[in-house]
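Below is one structure, written out as structure tokens, with a few remarks after it.
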Amino acid sequence: MSDDAQTAGRVPHPEPLKAPEGFRRCKEAADLYYHAGGAWGGSLLLGTEGFEVRIFNAGYALESLVLKADGMDDAGRVQFSVELSAECLPRGKEIKLEVPSYAIAEPARDLSVSLVSAEYGS
């Protein structure tokens, strides 16, 4: 097992909470889930408008999170990649992070969110 597998956000909680309906698992994370929607509510269009990403933590409390949101076209090519950060994300809580329209160079059809780094929270 690599050292990376033992870092915060990658170690599965022995009793993870259930993710809210409609949330997808974040890549490179044990118990983080995401859901994307329009910046002012409603459906995500994934054009070049800004949008909101909600992150739910079903595992250990985390701090100093860095996440990456990638928008892909129909062929799976990355059209934009944006880093998102948050100070803390307690167990069982949700945070909202915004992807601004100026960070989206090309329209995308799908979204993927992955954990870049985190520290264990208190």
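Derivation of every value follows stated rules applied to the coordinates shown; laboratory data play no part. Every value quoted in this text rests on a predicted model; they were computed, and no experiment measured them. In this analysis, Cβ positions are derived from the backbone assuming ideal geometry, glycine residues included, and neighbour counts consider all displayed protein chains.
Give me the percent of Cα-Cα pairs in the chain that sit more than 17 Å apart, rounded to a whole number. Tail of the P(r) past 17 Å holds 54 percent of the pairs.
For the peptides 61-70, 17-26, 103-112, the ranking by mean Cβ contacts within 10 Å, running from highest to lowest, is 61-70, 103-112, 17-26. What is the list of residues in the stretch 51-95 whose amide nitrogen lies under 18 Å from a point 7 angstrom out from the Cα of residue 105, following Cα to Cβ? It comes to 68-84, nothing else. For residue 120 and residue 63, the difference between the fully extended length at 0.36 nm per residue and the C-alpha to C-alpha distance is 19.9 nm.
Between residue 110 and 72, the built amide H atoms are under 5 Å apart, and every one of these is 5 or more places off in sequence or on another chain.
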